[in-house]
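Data first, discussion second: the structure below is written as structure tokens.
The values are calculated or read from the model by the stated rules, or taken from the named source; none is laboratory data. Values in this document were obtained by computation on a predicted structure and should not be read as measured data. Every residue, glycine among them, receives a Cβ derived from its backbone with ideal geometry; neighbour counts consider all protein chains shown.
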Amino acid sequence: MVNGDQNRAGPKKKASTRRKKAAPTGDSEMVQLLTADGERVSHPEYDVSLTDQQYRDLYRDMVIVRRLDTEGTALQRQGQLGIWASLQGQEAAQIGSGRALAKQDMVFPTYREHGVLWTRDIDPIMPFGLFRGVDLGGWDSRKYKFQMYTIVIGAQALHATGYAMGVTKDGKVGGDDGEAVIAYFGDGASSQGDVNESFVWANVYNAPVVFFCQNNQYAISEPVIRQSRTPLYKRASGFGFPGVRVDGNDVLASYAVTKHALDNARHGNGPMFIEAYTYRMGAHTTTDDPTRYRESGEVEAWRSKDPIARMRTFLERSTIGDADYFQSIDDEADQHALDLRERVIALPDPVPGAIFENVFSEASPLVEAERAEFTEYHASFEGSGH
Amino acid sequence: MMTDTLRIGQAVGAGLRRAMEDDPKVLLMGEDVGKLGGVFRVTDGLQKDFGEDRVIDTPLAESGILGTAIGLAIRGWRPVCEIQFNGFVYPAFDQIVCQLAKMHYRSQGTVPLPIVVRIPCGGGIGAVEHHSESPEAYFAHTAGLKVVSCSDSNDAYWMIQQAIASQDPVIFFEPLRRYQEKGEVDTSGSLDTAHPLLASKVEREGTDATVVAWGSMTKVAHDAATAAAEDGRSLEVINLRTLSPLDMGPVYESVKKTGRMVVVHEAPSNVGIGAEIAARVTQDCFYSLESPVLRVTGYDTPYPAARLEEDYLPDLDRVLDAVDRTFGY
Ligand SMILES: Cc1ncc(C[n+]2csc(CCOP(=O)(O)OP(=O)(O)O)c2C)c(N)n1
């Protein structure tokens, strides 16, 4: 399943011992470690062995981010947010790839990466300012190693590549403690010039960057066939680096493949492209009406591949989780959601003069003059109930 | 006269439909313009009626949309490109200002590019960043492009057809926060009898001061004129409609009558179109002016978060304040 320049060091092959004893086989079209029925399978190139606790943690992460996401949609419906971009259906792709990151790695997200954000141990309230309209999503992205959300499609792929070039220049590649960079984008974004240019640069400068494309099958109303007639992962080979398709509804496979790709990058072996094959279960955002462009049968077919349900089946079958455990996770998720809800509603409106803050890092006479004018104008309404 | 009551967004759509019926070479292209009918539903139903060959859902790439439209136009088609939101025209900027604007000139007139680029313009709908910008000045600054802005249903219906019929590239701004506002459309006219595409229009006559606006701000200008009338002041309202080339004739006449002028736009003031208008009026109507031309605009900051946009956008009070100030000199 790995394409591209096969002479370049790709991810190391695992010993084949596990392959022999694994009876069930996964989907041959893509890397899979957990079938849609929750069957644990192995893959010759990408496999993981996790502790029971790690399995449970992946499950817990997915349940919590789905619950937080549901809360986002509810808050929008109640007028607390201007808009919300739901990740439902994409939990495994995001949690799997996010948990594969090392602390020192840097993330360049779109506007839908709430699950990846969670895996960085960042307060989940962070993007809500953007969606509520109280700020433009500003947080200290260098400190959190998680860049601000990007609305302009594909722009961040170039930022990620440049950042990765900087990592190389700083001599921070070549070992286990090297830094890797991951850029997230959608199937629609794969058409943008910026994304394709980032592939060129990443290859030419052997940048330690992993391109993680969540192919959720749609760019608003347009099916992926409007972006490409060939599977997206195959595109990487033309740019000279490996591309691989992973079952994006399989948290274990998403984890395993991303970890390989990141390790590969941090050891100085250059970029990789991952296409996480998944599905956006809800609307594109809360302003979208998906019934105009997709069939309910299709949605139902994907529902049967649900990433959380299959992980739960696996945990049940292997007795890693029992009913009490699942209940406790649901309760915990509810608590997180309640917490989030209260804090989002309490997010204060910005003070009026905030328009003029941070236009530049140094003072600008023009902005200062306008600030003064605005302040005077605003003061003229004081007491008039404006 | 046959009239129809249409929302502004619907009126653009109806104009597109009529242009497609009249000329089989007219194509629509853009992101989500097909099945979805565009995110504002302006192209609703057109793909169903004209097919996927003429209403084209494009890959998600604005430079690609404009670049291929140029090729299609060279081949004899008349593409109408939809840019989904104002802030997403920038990936296509290079194709518009370096290629679309210049090919007729470079080819010594042998390659006209009859392309329309539709851009929903301005803010006021509580959107996230990059959805509320007013980029008109960038395009008006580039020779070779015609830049226009509709602001009511009748203009939306006729101007889009005139823009498509034009042999030159037209950047066509639509006031996104007014898409839902209804108005009468005179559907019995023709492209020639409708108000010309590149002509400004005196929409309300007055004697004391002139307010110039376009797009979503014409409504604010009219509201200001109504409010001022209650205070005994008579404002003349001019809808500029065309931003490049500017049609200054009616503006000059108005200023010569009123002696005072306020220009209103959503875009920041610095090097905005208001500055151009003020400069020209100062130059050509200097002895008629009782006071300097004032501008009421967005501030010179990035478009702010939604909960601050009411402070950012010019409103009735800011316009009335400026009118007051023109009387203070
Ligand atoms: C440059 C640009 N053009 C258009 C848009 C409007 N838009 C927002 S999301 C979107 C679809 C994105 O699809 P995809 O890249 O597949 O990501 P997904 O939202 O499905 O995760 C579009 C067209 C935008 N944000 N940026």
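Taking A:V209 as the residue in question, decide whether it is within 20 Å of the chain's Cα centre (by Cα), modelled with pLDDT of 95 or more and more than 15 Å from the ligand (Cβ to nearest atom). So A:V209 fits the description; yes. I'm trying to understand the selection: among the residues of region A:122-137, which are more than 9 Å from chain B (Cβ to nearest Cβ) and in contact (Cβ under 8 Å) with a residue 24 or more places away in the chain? The answer is A:I122, A:P124, A:I125, A:F128. Among the numbered conditions (1) more than 16 Å from the ligand (Cβ to nearest atom); (2) within 14 Å of chain A (Cβ to nearest Cβ); (3) more than 22 Å from B:Y179 (Cβ to Cβ), the only one that B:A140 does not meet is (2).
Take region B:45-65 and flag every residue that is within 12 Å of chain A (Cβ to nearest Cβ), surrounded by 18 or more Cβ atoms within 10 Å (Cβ to Cβ) and farther than 29 Å from B:M103 by Cα. Once the filter is applied, which keeps residues that are within 12 Å of chain A (Cβ to nearest Cβ), surrounded by 18 or more Cβ atoms within 10 Å (Cβ to Cβ) and farther than 29 Å from B:M103 by Cα, region B:45-65 yields only B:Q47.
The residue of region B:119-137 that is nearest to B:F40 (Cα to Cα), among those that are part of a strand (DSSP E or B) and within 14 Å of the ligand (Cβ to nearest atom), is B:P120.
Exactly one residue out of B:G64, B:G87 is without any contact (Cβ under 8 Å) to a residue 24 or more places away in the chain and part of a helix (DSSP H, G or I), and it is B:G64. Of all residues in region A:220-268, those that are within 19 Å of the chain's Cα centre (by Cα), outside any loop (DSSP other than H, G, I, E, B), surrounded by 24 or more Cβ atoms within 10 Å (Cβ to Cβ) and away from the ligand (no atom under 16 Å from the Cβ) total 15. Kindly evaluate B:L36 against the criterion of being within 14 Å of chain A (Cβ to nearest Cβ), within 11 Å of B:I115 (Cβ to Cβ) and crowded, with 18+ Cβ neighbours inside 10 Å. No.
Does at least one position in region A:189-200 carry a residue that is more than 13 Å from chain B (Cβ to nearest Cβ), out of contact with any Phe, Trp or Tyr (no Cβ under 6 Å at 6 or more places or on another chain) and more than 16 Å from the ligand (Cβ to nearest atom)? Looking for residues that are more than 13 Å from chain B (Cβ to nearest Cβ), out of contact with any Phe, Trp or Tyr (no Cβ under 6 Å at 6 or more places or on another chain) and more than 16 Å from the ligand (Cβ to nearest atom), one finds at least one in region A:189-200, hence yes. Please verify whether B:K25 is free of Cβ contacts under 8 Å to residues at least 24 places away in the same chain and more than 11 Å from chain A (Cβ to nearest Cβ), treating the condition exactly as stated. In short, no.
Scanning region B:66-89 for residues being within 14 Å of another protein chain (Cβ to nearest Cβ) and out of contact with any strand residue (DSSP E or B) (no Cβ under 8 Å at 6 or more places or on another chain) gives a total of 3.
Going through region A:75-120 one residue at a time, which ones are more than 16 Å from the ligand (Cβ to nearest atom), without any contact (Cβ under 8 Å) to a residue 40 or more places away in the chain and under 18 Å from A:V344 (Cα atoms)? Those that are more than 16 Å from the ligand (Cβ to nearest atom), without any contact (Cβ under 8 Å) to a residue 40 or more places away in the chain and under 18 Å from A:V344 (Cα atoms): A:Q78, A:G79. Among the strands (runs of 3 or more DSSP E) confined to region B:224-329, the ones with at least 1 residues that are more than 14 Å from chain A (Cβ to nearest Cβ) are located at B:235-239, B:242-244, B:261-268. If you go through region A:365-384 and keep only what is out of contact with any helix residue (DSSP H, G or I) (no Cβ under 9 Å at 6 or more places or on another chain), within 13 Å of chain B (Cβ to nearest Cβ) and either part of a loop (DSSP other than H, G, I, E, B) or not aliphatic (A, V, I, L, M) (or both), you end up with A:P365, A:E373, A:E376, A:S384. B:R318 meets all of the listed conditions (1) in contact with a strand residue (DSSP E or B) (Cβ under 7 Å, 6 or more places away or on another chain); (2) surrounded by fewer than 24 Cβ atoms within 10 Å (Cβ to Cβ); (3) in contact (Cβ under 8 Å) with a residue 24 or more places away in the chain; (4) not aromatic (F, W, Y) but one, namely (3). The residues listed here are A:L366, A:L340; of these, the one that is within 30 Å of A:I122 (Cα to Cα) and surrounded by 13 or more Cβ atoms within 10 Å (Cβ to Cβ) is A:L340. Summed over region A:269-301, the residues that are among the aromatic types (F, W, Y) and assigned to a loop (DSSP other than H, G, I, E, B) give a count of 2. I need the full set of residues from region A:147-159 which are part of a helix (DSSP H, G or I), surrounded by fewer than 24 Cβ atoms within 10 Å (Cβ to Cβ) and more than 10 Å from the ligand (Cβ to nearest atom), in order please. A:L158, A:H159, listed by residue number. Residue count for region B:90-108 under the criterion of being touching a residue at least 40 places away in the same chain (Cβ under 8 Å), within 16 Å of the ligand (Cβ to nearest atom) and surrounded by 20 or more Cβ atoms within 10 Å (Cβ to Cβ): the result is 1. For region A:43-68, a residue qualifies if it is farther than 14 Å from A:I308 by Cα and either β-branched (V, I, T) or part of a helix (DSSP H, G or I) (or both), and the qualifying residues are A:V48, A:T51, A:D52, A:Q53, A:Q54, A:L68. Within the bounds of region A:326-342, is there any residue that is free of Cβ contacts under 8 Å to residues at least 24 places away in the same chain, part of a helix (DSSP H, G or I) and within 14 Å of another protein chain (Cβ to nearest Cβ)? For region A:326-342, residues free of Cβ contacts under 8 Å to residues at least 24 places away in the same chain, part of a helix (DSSP H, G or I) and within 14 Å of another protein chain (Cβ to nearest Cβ): absent. Mind checking whether some residue in region A:175-188 is away from the ligand (no atom under 12 Å from the Cβ), in contact with a helix residue (DSSP H, G or I) (Cβ under 9 Å, 6 or more places away or on another chain) and farther than 22 Å from A:S254 by Cα? Scanning region A:175-188 turns up at least one residue that is away from the ligand (no atom under 12 Å from the Cβ), in contact with a helix residue (DSSP H, G or I) (Cβ under 9 Å, 6 or more places away or on another chain) and farther than 22 Å from A:S254 by Cα. Residues that are away from chain B (no Cβ under 14 Å), hydroxyl-bearing (S, T, Y) and touching a residue at least 12 places away in the same chain (Cβ under 8 Å) occur at least once in region A:229-239.
Being surrounded by fewer than 22 Cβ atoms within 10 Å (Cβ to Cβ), assigned by TED's automatic domain parsing to the domain that holds A:Y255 and polar (S, T, N, Q): is that true of A:N216 here? Answer is no for this residue. Taking region A:87-133 as the region of interest, the helices (runs of 4 or more DSSP H) fully inside it that hold 2 or more residues being surrounded by 24 or more Cβ atoms within 10 Å (Cβ to Cβ) and touching a helix residue (DSSP H, G or I) at 6+ places or on another chain (Cβ under 6 Å) are A:91-99, A:114-119. The number of residues in region B:1-46 being among the hydroxyl-bearing types (S, T, Y) and outside any loop (DSSP other than H, G, I, E, B) comes to 2. Looking at region A:160-169, can you tell me whether even one residue there is more than 10 Å from chain B (Cβ to nearest Cβ), in a loop (DSSP other than H, G, I, E, B) and free of Cβ contacts under 8 Å to residues at least 12 places away in the same chain? Scanning region A:160-169 turns up no residue that is more than 10 Å from chain B (Cβ to nearest Cβ), in a loop (DSSP other than H, G, I, E, B) and free of Cβ contacts under 8 Å to residues at least 12 places away in the same chain.
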